[in-house]
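Peer 1: This structure is in structure tokens; I'll ask about it shortly.
The values are calculated or read from the model by the stated rules, or taken from the named source; none is laboratory data. What you see is a predicted model, and the numbers here were worked out from it, not measured in a lab. Cβ coordinates were reconstructed from backbone atoms using ideal geometry, including for glycine residues, and neighbour counts include every protein chain displayed. Each accessible area value is taken on the protein alone, full model and side chains, heavy atoms only, with ligands, DNA and RNA left out. Shrake-Rupley method; radii C 1.70, N 1.55, O 1.52, S 1.80 Å.
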Amino acid sequence: MLYIQSLGKYWLWVIALSNEVYIIGAGETKFGELWDKSLRNLAVEAGLKAVEDAGIYSKDIDAIYGANSLAGIINMQENIGALIADFSGLSAEGIPSLRVESSTASGGAALRDAYLSIKSGEYDVVVVGGVEKMTDIHGSDILEKSSSILDREWEAFFGATPAAMAALIARKYMHDFGVEKEALSMFSVNDHLNGSKNPDAQFRNKLTIQQAMNSTAVADPLNMMDCSPMSDGAAAVVLASESFIKKNKREGVRILSSAVAEDYLSVGSRKSIYTLNSTKLAVEKALRKSGIKRNDISFMEVHDSFSIFGLLELEDLGFAEKGKAKDLVYDEIKLNGSIPVNPSGGLKAKGDPYGAVGVGQAVDAYRQLKGKAGDNQIKDAKYALLHNMAGTGTSSIIHILGE
Ligand code: COA
């Protein structure tokens, strides 16, 4: 491909290979309370499924990037990169295997690092995995550990949990924009409807709006059906360079762009608590780099760890004005709506194994874009936007996938 760059009044002609990056295989475990499977079982199960799907051999793999958020404090297991390589039988071959950690956006971060490693020309084939095993401990233990993704000194130390922070944001948002609780619940109703058709989802029950509105209170105004669950699960994709797929006559789904942006760690430091600034910044970068327009997006997988975030994401990704996402949640986000959201069931119904979420989104999008999404297939799906977010919005990582 030929690139022309303008440098002031001088023209510089640069001839370069485009070095596009493709997803050529994908696999995941079921998400849920998987007491019969360990952290390593889950990681390897997903990895093998992806490798098999891609039709590659261990000799093809240049590197492994493994996403995980909390294994050190939940499972007392660090050194996840080595664990995955060892248990996959790849240690003897010396294949580099590194862990990537960025809280609940670890999966997106690993995907991005792998993408950049191929884009730079360093590698041709990289396996990206994400794994989390959260249900081996329960009650206040898991609540305390999962709250470590917040600011320890300014939030978690005072008893705040992710649900409590999301509830503060929801209360202020509902007050300032006159949004009723029903709009939040509708987001979960849509997730459960889609999750009911996803065999890998943690919850496959449909929800009525009454069930969603009347479930057990967690942190007012949020109740259980506004919250993602604690989940076990793993997901993996195989990325390959353009030269690899041409040489080996493979087809894949192209990663059109990858972008990341940050915001303050503690919610209280932000200018507006109901604006996800990292999401706003990342989506603009991702769209610019992809060369497509917002209207071209066929569907999105968004990081709705709480229903309120689902609404804020619709706004900060640029699909509704602030305070107006309520107009999209009844019909527009459905599978046959103008902007389908979370065909997989999202974090609410598919599940929320922290480090696996971002990679799981890529698995779902890969299947959609290959026309292999079963009962949740979106007609003529061409471009997918994946939004993976850390904690209450500290980092947002966006990938746009397409042809
Ligand atoms: N949605 C639907 N059902 C849920 C659920 C959820 N989010 N969470 C738990 N359940 C179900 C369980 O499957 C279980 O069902 P069963 O009795 O049929 O087996 C039942 O509710 C009780 O489960 P339990 O694990 O005891 O729930 P809990 O009360 O300990 O925890 C929440 C429920 C919602 C408080 C907990 O999942 C939570 O804190 N979620 C938020 C996760 C989070 O903070 N993510 C951070 C993202 S930044």
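Peer 1: Using the crude model of +1 on Lys and Arg Cβ and -1 on Asp and Glu Cβ, and no other charge, please compute the dipole size for the stretch 90-191 relative to its Cα centre, in debye to 20.
Peer 2: Around 140 debye, computed over the stretch 90-191.
Peer 1: In addition: Just the Kirkwood number for the stretch 135-291, please: inverse of mean 1/r across all distinct Cα pairs, in Å, one decimal.
Peer 2: Final number for the Kirkwood radius of the stretch 135-291 is 19.0 Å.
Peer 1: Bin all alpha-carbon pair distances of the chain at 10 Å intervals from 0 and give each bin's fraction as a whole percent.
Peer 2: 5, 25, 34, 24, 9, 2, 0
Peer 1: So how exposed is GLU284, as accessible area in Å² (1.4 Å probe, rounded to 10)?
Peer 2: 90
Peer 1: If the viscosity is 1.306 mPa s and the temperature 10 °C, what translational diffusion coefficient in µm²/s does Stokes-Einstein give for the stretch 290-403 when Rh comes from Kirkwood over Cα pairs?
Peer 2: The diffusion coefficient I find is 113 µm²/s.
Peer 1: Would you mind telling me the share, in percent, of accessible area of the stretch 6-137 contributed by carbon and sulfur at probe 1.4 angstrom?
Peer 2: Whole-percent figure for carbon plus sulfur exposure: 55.
Peer 1: Now for a separate question. From the Cα trace of the stretch 220-367, what convex hull volume per residue do you get, rounded to a whole Å³?
Peer 2: Working: hull volume 20.6 nm³, N = 148.
Considering the Cα atoms of the stretch 220-367, their hull volume per residue is 139 Å³.
Peer 1: Turning to a different aspect of this structure: Over the stretch 204-278, average the accessible area per residue using a 1.4 Å probe and give it in Å², no decimals.
Peer 2: 48
Peer 1: Based on the alpha-carbon set only, what is the convex hull volume of the stretch 125-188 divided per residue, in Å³?
Peer 2: So the per-residue hull volume is 177 Å³.
Peer 1: List the GluC sites (Glu not before Pro) within the stretch 289-391 that DSSP assigns to loop and that have no more than 11 neighbouring Cβ atoms inside 10 Å.
Peer 2: Sites meeting the loop and neighbour criteria: GLU321.
Peer 1: I would also like to ask the following. Name the trypsin sites (Lys or Arg not before Pro) in the stretch 312-352 that are in a loop by DSSP and that have at most 15 other C-beta atoms within 10 Å, would you?
Peer 2: Listed in order of number, the matching sites are LYS322, LYS324.
Peer 1: Then there is this: Scattering from the C-alpha atoms of the stretch 26-77 alone, worked out with Debye: what is log10 I(q)/I(0) at q = 0.17, 0.21, 0.29, 0.31 1/Å?
Peer 2: Each listed q maps to, in turn, -0.63, -0.88, -1.25, -1.31.
Peer 1: I'm checking a number: the convex hull volume of the Cα atoms of the stretch 75-209, normalised per residue, in Å³. What is it?
Peer 2: Values: hull volume 26.5 nm³, N = 135.
Value for the stretch 75-209: 196 Å³ per residue.
Peer 1: Of the trypsin sites (Lys or Arg not before Pro) in the stretch 247-314, which ones lie in a loop per DSSP and count no more than 11 other C-beta atoms within 10 Å?
Peer 2: LYS249, LYS271, LYS293
Peer 1: How much length is gained if the chain between ASP375 and LYS271 is pulled fully straight, taking 0.36 nm per residue apart and subtracting their Cα-Cα distance, in nm to one decimal?
Peer 2: My answer for the length gained is 33.3 nm.
Peer 1: Where nothing but the Cβ of Lys and Arg (+1) and of Asp and Glu (-1) is charged, how large is the charge dipole of the stretch 317-382 around its Cα centre, in debye to the nearest 20?
Peer 2: It comes to approximately 140 debye.
Peer 1: As a quick test, which of the pairs LYS145/LYS322; LYS133/LYS379; LYS49/LYS133; LYS271/LYS348 have an alpha carbon distance above 26 angstrom in this structure? Don't skip to the end; give the middle numbers.
Peer 2: Numbers: LYS145/LYS322 32 Å; LYS133/LYS379 34 Å; LYS49/LYS133 18 Å; LYS271/LYS348 28 Å.
Violating the 26 Å Cα-Cα cut-off are LYS145/LYS322; LYS133/LYS379; LYS271/LYS348.
Peer 1: At 37 °C and 0.692 mPa s, grab the translational diffusion coefficient of the stretch 66-133 from Stokes-Einstein with a Kirkwood Rh over Cα pairs, rounded to a whole number in µm² per second.
Peer 2: Working: Rh = 12.4 Å.
So the translational diffusion coefficient is about 265 µm²/s.
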